[in-house]
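Okay, so here's the structure we're looking at.
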Ligand SMILES: Cc1cc2nc3c(=O)[nH]c(=O)nc-3n(C[C@H](O)[C@H](O)[C@H](O)COP(=O)(O)OP(=O)(O)OC[C@H]3O[C@@H](n4cnc5c(N)ncnc54)[C@H](O)[C@@H]3O)c2cc1C
């Protein structure tokens, strides 16, 4: 049973934290806020469903969500026993190297038992379980069907003191809106990509943050299937990558709880998959390998095809602002939303939650129980945390000449060539494949790929201009 450590809160210390947005970043922030505040409130515009279904505020819930191993480890740290709970409810356990077929730049990656284990679950189910866990705390309150419409401040607008709310009550015949205010010592914005914080800050006389957008115009389409009972395969999941600069299409077949597969097709450079049944299958058939098509062509669909197009990388530079009000932090996609193909969002939200926890701990030790300076310190640390995944995601997107929002720097181009060679090498060297996956799953830093043993092989291959891929038999 999950229990929260009861905090020793000093008298007179800020006691109420309010999180705007009850999706993954908001839930994870709320989890760590419980370590520091007497009361935590999550305000969410949607009504929370009792089942793991996609809700209007999180339309991406119908698309595949890979939870990277680093993210899984932090989730387990924040919610002990979560992995067991998810897997007991049917989330498959996978050895990422043995159970996954990965068709990368050079061909099929080797497969072997590695002990590099994770689970696969639907995003909607994960959110439901996290919400249920948090609702066990008597110090946490969910306010649903309620939209935050603005911020409350002290007289000179230097400190956020709460939020303005609009609560919606719907009956069969009427819809009624009620406005009210709610005071808080700390307000956390976790409202996702469409966060209105830049506008709210402007209305209080602050500069909005600069926003960097890098868009590879990736479109997703997903369909959910029942895993066929008679289906026999030596894999649990499959990834078929696109291949810049010319092959814009890729896909993933991802097993989730309930004996289901979610199949997500993606096309970069506005080559989005169609959302009709025949077009979806045809797109799958024309990937670099038809293996996913062959798996799903006779499988029983459980949903229609769901499309999603808002996939650009979007970074709000709160850390660069000269002035920010106290009593506010911004987390999750509201600060940095990534091209989802790299599966980073939830893991970064989890890492940010740990950072917030640390910042609050230091804050209350150093600042005698007040929150002065927290906003700036946290946003600066978050910016540092976001820098590497941002570079990884945008660096990959810049491989496509159609990507807008900047140009790859020379260093990026050199790195891309280096990573391409690593991807060729990993076809022959299981240890390099493992290192590559550990970096992708954020368990190891990218510098791991520059270990002398890997670098030496990359240099040797580059100098000899020998293509390993031509020696490989591309097998299905
Ligand atoms: C297509 C797609 C696929 C993805 N795939 C992956 C993946 O494979 N792996 C991964 O780790 N990440 C993935 N992500 C990213 C992941 O979904 C997010 O990073 C993650 O959900 C955290 O987002 P968030 O909580 O910051 O915001 P969101 O999930 O967008 O949630 C924002 C919440 O705020 C609420 N809200 C908004 N405005 C208000 C308001 N004014 N008042 C009250 N409530 C409000 C919304 O209703 C919603 O609940 C993907 C994203 C997309 C779009």
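The values are calculated or read from the model by the stated rules, or taken from the named source; none is laboratory data. As the structure is a prediction and not an experimental result, all values here were calculated from the model. Because the Cβ atoms are built from the backbone with ideal geometry, glycine has one as well, and the counts that use them run over all protein chains shown.
May I ask you to say which residue of 43, 19, 58, 32 is near the ligand (Cβ under 6 Å from one of its atoms) and farther than 20 Å from residue 309 by Cα?
Of the residues listed, the single one that is near the ligand (Cβ under 6 Å from one of its atoms) and farther than 20 Å from residue 309 by Cα is 43.
Run residue 47 past the list (1) assigned to a helix (DSSP H, G or I); (2) in contact (Cβ under 8 Å) with a residue 40 or more places away in the chain and report the number of the one that doesn't hold.
Result: residue 47 fails condition (1) only.
If you go through segment 91-106 one residue at a time, do you hit one that is at positive phi and touching a helix residue (DSSP H, G or I) at 6+ places or on another chain (Cβ under 9 Å)?
So in segment 91-106, the residues at positive phi come out as none.
No: zero hits.
Which of the numbered conditions does residue 214 fail, given that it passes all the others? Conditions: (1) touching a strand residue (DSSP E or B) at 6+ places or on another chain (Cβ under 9 Å); (2) away from the ligand (no atom under 11 Å from the Cβ); (3) within 30 Å of residue 93 (Cα to Cα).
Going through (1) touching a strand residue (DSSP E or B) at 6+ places or on another chain (Cβ under 9 Å); (2) away from the ligand (no atom under 11 Å from the Cβ); (3) within 30 Å of residue 93 (Cα to Cα) one by one, residue 214 breaks only (3).
Condition first: under 22 Å from the mean Cα position of the chain (by Cα) and surrounded by fewer than 18 Cβ atoms within 10 Å (Cβ to Cβ). Now tell me which residues in segment 405-438 satisfy that.
405
For residues in segment 184-208 being under 19 Å from residue 32 (Cα atoms) and in contact with a helix residue (DSSP H, G or I) (Cβ under 6 Å, 6 or more places away or on another chain), which is farthest from the ligand (Cβ to nearest atom)?
Going residue by residue through segment 184-208, those that are under 19 Å from residue 32 (Cα atoms) are 184-192.
So of that shortlist, the ones also in contact with a helix residue (DSSP H, G or I) (Cβ under 6 Å, 6 or more places away or on another chain) come out as 188-192.
Values: 188: 11, 189: 9, 190: 5, 191: 4, 192: 2 Å.
Step by step, filter segment 184-208, then rank; the result is 188.
Evaluate the following for residue 144: is it surrounded by fewer than 16 Cβ atoms within 10 Å (Cβ to Cβ) and either closer than 16 Å to residue 83 by Cβ or free of Cβ contacts under 8 Å to residues at least 24 places away in the same chain (or both)? Spell out the reasoning first.
Details: surrounded by fewer than 16 Cβ atoms within 10 Å (Cβ to Cβ): yes; either closer than 16 Å to residue 83 by Cβ or free of Cβ contacts under 8 Å to residues at least 24 places away in the same chain (or both): no.
It is false that residue 144 is surrounded by fewer than 16 Cβ atoms within 10 Å (Cβ to Cβ) and either closer than 16 Å to residue 83 by Cβ or free of Cβ contacts under 8 Å to residues at least 24 places away in the same chain (or both).
If I ask for residues that are exposed (fewer than 15 other Cβ atoms within 10 Å of the Cβ) and either outside the structural domain of residue 196 (by TED's automatic domain parsing) or within 16 Å of residue 190 (Cβ to Cβ) (or both), which ones from segment 150-163 would you list?
Selection gives nothing.
Could you figure out which of (1) touching a helix residue (DSSP H, G or I) at 6+ places or on another chain (Cβ under 6 Å); (2) under 22 Å from residue 187 (Cβ atoms); (3) more than 12 Å from the ligand (Cβ to nearest atom) isn't true of residue 368?
For residue 368, the exception is condition (1).
Is at least one residue of segment 346-359 in the same structural domain as residue 158 (by TED's automatic domain parsing) and more than 30 Å from residue 437 (Cβ to Cβ)?
In the first step, residues of segment 346-359 are kept if they are in the same structural domain as residue 158 (by TED's automatic domain parsing); the result is 346-359.
Filter once more, keeping what is more than 30 Å from residue 437 (Cβ to Cβ): 359.
Within segment 346-359, one or more residues are in the same structural domain as residue 158 (by TED's automatic domain parsing) and more than 30 Å from residue 437 (Cβ to Cβ).
Within segment 106-115, is even one residue at pLDDT 95 or above, within 30 Å of residue 236 (Cα to Cα) and within 13 Å of the ligand (Cβ to nearest atom)?
There is no residue in segment 106-115 that is at pLDDT 95 or above, within 30 Å of residue 236 (Cα to Cα) and within 13 Å of the ligand (Cβ to nearest atom).
Return the only residue of 352, 393, 387 being within 16 Å of the ligand (Cβ to nearest atom) and more than 30 Å from residue 111 (Cβ to Cβ). Write out each step before concluding.
Values: 393 fails: more than 30 Å from residue 111 (Cβ to Cβ); 387 fails: within 16 Å of the ligand (Cβ to nearest atom).
Just one listed residue meets the conditions, 352.
Would you mention how many residues in segment 146-178 are at pLDDT 95 or above and away from the ligand (no atom under 13 Å from the Cβ)?
The number of residues fulfilling the criteria is 11.
I want to confirm something. Restricting to segment 332-351 and keeping residues that are part of a loop (DSSP other than H, G, I, E, B) and touching a strand residue (DSSP E or B) at 6+ places or on another chain (Cβ under 6 Å), which single residue is farthest from residue 193 (Cα to Cα)? Before the answer, list the steps.
Start the filter on segment 332-351 by keeping residues that are part of a loop (DSSP other than H, G, I, E, B), which leaves 335, 338-339, 343-344.
Applying the additional criterion that residues be touching a strand residue (DSSP E or B) at 6+ places or on another chain (Cβ under 6 Å) yields 335, 338-339.
Details: 335: 8, 338: 10, 339: 12 Å.
Once the filter is applied, the top-ranked residue is 339.
Filter segment 235-278 for residues that are assigned to a loop (DSSP other than H, G, I, E, B), free of Cβ contacts under 8 Å to residues at least 60 places away in the same chain and farther than 12 Å from residue 288 by Cα; which is farthest from the chain's Cα centre (by Cα)? So that I can check it myself, show each step before the final result.
Our first condition is that a residue be assigned to a loop (DSSP other than H, G, I, E, B); within segment 235-278, this holds for 235-236, 241-242, 244-246, 248, 257-259, 268-276.
After this cut, where a residue has to be free of Cβ contacts under 8 Å to residues at least 60 places away in the same chain as well, the list is 242, 246, 271-276.
Subset that is farther than 12 Å from residue 288 by Cα: 271-276.
Details: 271: 23, 272: 21, 273: 22, 274: 24, 275: 24, 276: 27 Å.
Residue satisfying both the conditions and the ranking: 276.
Condition test on residue 50, is it more than 16 Å from residue 128 (Cα to Cα), away from the ligand (no atom under 14 Å from the Cβ) and not assigned by TED's automatic domain parsing to the domain that holds residue 433?
Working: more than 16 Å from residue 128 (Cα to Cα): no; away from the ligand (no atom under 14 Å from the Cβ): yes; not assigned by TED's automatic domain parsing to the domain that holds residue 433: yes.
In short, no.
For segment 391-428, how many residues meet the condition of being closer than 22 Å to residue 451 by Cα, touching a strand residue (DSSP E or B) at 6+ places or on another chain (Cβ under 8 Å) and in a helix (DSSP H, G or I)?
First, the residues of segment 391-428 that are closer than 22 Å to residue 451 by Cα: 391-393, 395-396, 410-428.
Subset that is touching a strand residue (DSSP E or B) at 6+ places or on another chain (Cβ under 8 Å): 393, 427.
In the following step, the residues that additionally are in a helix (DSSP H, G or I) were identified as 393.
Adding up the residues that qualify gives 1.
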